[in-house]
Amino acid sequence: MTEGDDTPITEEERVLAARGAEAIARAVASPEAQAPARLRESLEAQRGGARTRRARSRLGWLGVLAGGVAAVVIAVVVISGGSGGPGGPSVFQVAAVARLAPTKPAPSSVGGLQPKLEAEVSGVPFPDWRQEFDWEATGRRDDTVDGRSVTTVTYRNRDGVELAYAIVDGDALPAPDAGREIQRRGFSYRVVRRDERTVVTWEEQGHTCVIDAPGTVPSGTLVDLAAWDNV
Amino acid sequence: MERLLDPSALGDHVDRLYRAAWGLCGSREDAEDLVQETYARILAKPRTIRGDDDIGYLLRALRNQFYSQHRRASHRPRTEPLPEDREFVDPRAGLRPDEAVAAREVFARIADLTPDFRDVLVAVDVAGLSYAETATLVGAKEATVTSRLFRARAQVARALGSGMEPGTEGVPTERRP
């Protein structure tokens, strides 16, 4: 029982309660208290995700071809886009390339207490999230973006949602100004939502790591994934 | 009578769940994540519910998700919310800045309540559940729900008036789980 459950309500409390109820009712009725459009869209996408995946599998090679054309268009846009400054691409350019279709098979797992994949960039390994988080590596691609080598491993969860994890070789890129910062295990993760995607970026052993995922994946989940092997 | 929860009807409850999540978390960004995670969990498999009580079921799922997240979060350093306003320029039409500030203040004060008071206030005043539904949700008698609700509202009013967190009487506190 909570303190005060069995004590009578005083007149002063009644007056205050009425005032509080008014303030709460105003807040609840405020446009501010309506769910943002992006949340509605994200939930609708979540609900329709399974339907979309079924439809995509029915499309077969036609879907693959369309995806390939889209990938080329994105690549052209990214390559011709502005850079992130003198030190290389921006985090968003890296994310845009990372979300392209993989060109190589997924690296195999090397196991261990915190399982890794047989892929790394200057000593920074890609994690194997299959056992812990049910995200399985599905492919890999290697790109050069604005003069910097970017290695990406793609992962898929059991709902068919896909994300890309990229590591940029060389010095860390400047973190984006936008978004919010989340701390986990003493490390800092920058989370940015834009264009219905969520991008998480952080530094690991002096290199920039980027996760690019659909906006339907909660940012907390992405930071959990990012932080898992960053010890 | 038992029936399957209709996923196509979930969109009807987004506003209420978002407000409830905001009241629990105290931050709009965390509220969005909480609603997303709750829906993801619910949609992962078919759900059987009793009667027409969709919102009661959803609110229970939201509350469970919130406390489950809190338990996990208590094992690691605290998440620092914001400054995200720069990124999220809110496009909702008709939003007045003074109203927005007042609403944020009220939701922040609700989130600062102790869990027993907060759960009741969020269920009744924010999500619109009846006293009976709330009593079932929090596992208390209706009379207890009534008295907690009164006191929760009074604490919010007191905190808004003094600029202090509810129930602290001027003693600074950290946000409660």
Residue in segment B:12-29 that is in a helix (DSSP H, G or I), more than 20 Å from residue B:128 (Cβ to Cβ) and either modelled with pLDDT of 80 or more or at the interface with another protein chain (Cβ under 8 Å from one of its Cβ atoms) (or both) present:
yes
Checking residue B:159 against (1) at pLDDT below 95; (2) open to solvent by less than 10 Å² (accessible area, probe 1.4 Å); (3) under 17 Å from the mean Cα position of the chain (by Cα): exactly one of these is not met. Which one?
(3)
Criterion violated by residue B:33 - all others in (1) charged (D, E, K, R); (2) in contact with a Ser or Thr (Cβ under 7 Å, 6 or more places away or on another chain); (3) more than 10 Å from every other protein chain (Cβ to nearest Cβ) satisfied:
(3)
Quickly run through segment A:1-47 and pick out the residues that are of a type in the set (S, T, N, Q), farther than 30 Å from residue B:37 by Cβ and modelled with pLDDT of 80 or more.
A:10
Name the strands (runs of 3 or more DSSP E) wholly inside segment A:96-185 in which the number of residues that are out of contact with any Leu (no Cβ under 9 Å at 6 or more places or on another chain) and within 30 Å of residue B:43 (Cβ to Cβ) is 1 or more.
A:116-121, A:135-145, A:162-168, A:180-184
How many residues of segment B:132-148 are of a type in the set (Asp, Glu) and in contact (Cβ under 8 Å) with a residue 40 or more places away in the chain? The answer is 1
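Out of A:170, A:139, report the one residue that is open to solvent by less than 20 Å² (accessible area, probe 1.4 Å) and touching a Lys or Arg at 6+ places or on another chain (Cβ under 7 Å).
So the residue among A:170, A:139 that is open to solvent by less than 20 Å² (accessible area, probe 1.4 Å) and touching a Lys or Arg at 6+ places or on another chain (Cβ under 7 Å) is A:139.
Is it the case, given these coordinates, that residue A:201 is touching a residue at least 60 places away in the same chain (Cβ under 8 Å) and outside any loop (DSSP other than H, G, I, E, B)? Let's see the steps before the verdict.
Details: touching a residue at least 60 places away in the same chain (Cβ under 8 Å): yes; outside any loop (DSSP other than H, G, I, E, B): yes.
For residue A:201, the condition - touching a residue at least 60 places away in the same chain (Cβ under 8 Å) and outside any loop (DSSP other than H, G, I, E, B) - is met.
For segment A:164-186, how many residues are within 14 Å of another protein chain (Cβ to nearest Cβ) and touching a strand residue (DSSP E or B) at 6+ places or on another chain (Cβ under 6 Å)? Steps first, answer last, please.
Kept after step one, since they are within 14 Å of another protein chain (Cβ to nearest Cβ), are these residues of segment A:164-186: A:175-186.
Those still in the list that are touching a strand residue (DSSP E or B) at 6+ places or on another chain (Cβ under 6 Å) too: A:175-176, A:178-182.
So the answer is 7.
The values are calculated or read from the model by the stated rules, or taken from the named source; none is laboratory data. Small disclaimer: the values here were computed from a predicted structure and weren't measured. Don't worry about glycine lacking a Cβ; one is built from the backbone with ideal geometry, like all the others, and counts go over all protein chains shown. Protein only, heavy atoms only, side chains kept; ligands, DNA and RNA dropped before computing areas. Shrake-Rupley method; radii C 1.70, N 1.55, O 1.52, S 1.80 Å.
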